[in-house]
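Working notes, structure below.
The values are calculated or read from the model by the stated rules, or taken from the named source; none is laboratory data. Note that the coordinates shown come from a computational prediction; the quantities given were computed from them, not determined experimentally. All Cβ positions, glycine included, derive from the backbone under ideal geometry; neighbour counts span all protein chains shown. SASA here: full protein model, heavy atoms, side chains in, ligands and nucleic acids out. Shrake-Rupley method; radii C 1.70, N 1.55, O 1.52, S 1.80 Å.
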Amino acid sequence: MHLLITDSGVGGLSVCAFVEQYLRTHGLREPFRLTYVNASPENDFGYNSMGSRREKLDTFDRFLHIVAERFAPDLLYVACNTLSVLMADTSFAKTARLPLEGIVDTGVRRLLRELEASPGSVVAIFGTDTTIGEGTYSRLLEGAGIDAARIVAQACPSLADTISEDRRGLEALAKIRRYVASSLSRTEGPTTDHLSYLACTHYGYRKDQFASAFADLGVCTRILNPNEIVVEDLFESSGRFVVTPHGETPCEVEFVARYRIPETAIETIGFFLRDIAPKTIEAFTHFTYDPDLF
């Protein structure tokens, strides 16, 4: 089985890490190959830096066509909220001959379960400018019957890059505190049953800082990190695999990018994931550099 995971940077590497961790404690009928492909064109020029939605769509669409043909995966999973909200509008998604799934669908399913189970709860959705600007989460939740007053969508400009480069976490914490305060200032009604949804794969690395920022403002929030629940969607809910909770599935991991990953990012992300997924970190540290990737 060949699973290709992509993100507009290195945040989604945690999804790859959790998949590897899962495979170490569960048996599948066949070996597993994980390929993580960075969809960002440059280190300092990603999708949130692009000037128009059309540019984002065209770039991502070209990327999907190229990597699907080159790597020929059995399943392509978009572990990026920014790209997942664009995915449905790509020509690739409309004509794809292989399964294509995204983290937004994973997250919305879990959010609906949480919000329906606690009718008095409210949720703050933290994401990039593109993710929040597209309004996909709010639209899907409201379309499923969740009152708009229970949803606060909070954009967090530049937070993802800061988390990737800030191993000490001081700059990240300062930004998180600011965005948390902003979300609470727009929250209607009581916050006694509060949920925080981290709609960017980078944010899960600083999940504890989100919790502490809320606590400092007197709010106890339940943090939902979709990176951690992708394995449930992929292996347990989909019915795609026959999985046994014993044994270990042989697994190979590769990381591919069209730009050289900065050492600060390798050190920081490696620090976060080193105890979870050694093969993922090994692949990240010795990544495949391909400037002509797409």
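Key figures for this structure:
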| read-out | value |
| --- | --- |
| Solvent-accessible heavy-atom area per residue, rounded to whole Å², over the chain at 1.4 Å | 42 |
| Share of carbon and sulfur in the accessible heavy-atom surface of the stretch 140-271 [1.4 Å probe, %] | 49 |
| Accessible area of CYS220 in the full protein assembly, 1.4 Å probe (Å², nearest 10) | 110 |
| Solvent-accessible surface ranking, highest first, for LEU83, LEU140, LEU112 at 1.4 angstrom | LEU140, LEU112, LEU83 |
| Positive dipole terminus of the chain, leading residue within THR249, GLY27, THR162 (C-beta point charges) | THR162 |
| Percent of Cα-Cα distances greater than 18 Å, calculated over the stretch 1-46 | 35 |
| Largest-first ordering by accessible area, 1.4 Å probe, given options PHE272, PHE255 | PHE272, PHE255 |
| 28 Å Cα-Cα reach of LYS175 towards lysines, excluding residues that sit fewer than 8 places from it in its own chain | LYS56, LYS207 |
| Charge dipole (debye, nearest 20) of the chain; +1 at Cβ of Lys and Arg, -1 at Cβ of Asp and Glu | 320 |
| Size of charge dipole - the stretch 61-189 - debye, nearest 20, with Cβ of Lys, Arg +1 and Asp, Glu -1, no other charges | 200 |
| Histogram of C-alpha separations across the stretch 86-163, 10 Å bin width, % | 16, 43, 30, 10, 0 |
| Reciprocal of mean inverse Cα separation for the stretch 1-93 (Kirkwood radius, Å) | 14.0 |
| Mean-position separation - Cα centroids, the stretch 73-140 and the stretch 205-238, in angstrom | 16 |
| Binned Cα-Cα distances of the chain, short to long, each 10 Å bin given as a whole percent | 6, 29, 36, 23, 5, 0 |
| Ratio Rg/Rh, restricted to the stretch 192-279 and using Cα atoms, in which Rh is the Kirkwood radius | 1.04 |
| On Cα atoms only, tilt of 263-273 relative to the major axis of the chain in degrees | 80 |
| Sequence of GLU252, GLU101, GLU267, GLU142 when ordered by accessible area, the most exposed leading, probe 1.4 angstrom | GLU252, GLU267, GLU142, GLU101 |
| Helical mean residue ellipticity (222 nm; -39500 (n - 2.57) per DSSP H run of 4+; nearest 500) of the chain | -12500 deg cm²/dmol |
| Sparse-neighbourhood loop sites, GluC sites (Glu not before Pro) in the stretch 211-243 - DSSP loop, at most 13 other Cβ within 10 angstrom | none |
| Computed accessible area, TYR22, all protein chains, 1.4 angstrom probe, square angstrom | 20 |
| Per-bin percent of Cα-Cα distances, the stretch 18-175 [10 Å] | 9, 31, 34, 23, 3 |
| Rounded to 10°, Cα long-axis angle of helix 13-24 versus longest principal axis of the chain | 70 |
| Fraction of accessible area attributable to carbon and sulfur, the stretch 44-138 (%, probe 1.4 Å) | 47 |
| The stretch 134-250, Rg to Rh (Cα coordinates; Rh as Kirkwood inverse mean 1/r) | 1.03 |
| Length gained when the stretch ALA117-ARG222 is fully extended (0.36 nm per residue, less Cα-Cα span) | 36.4 nm |
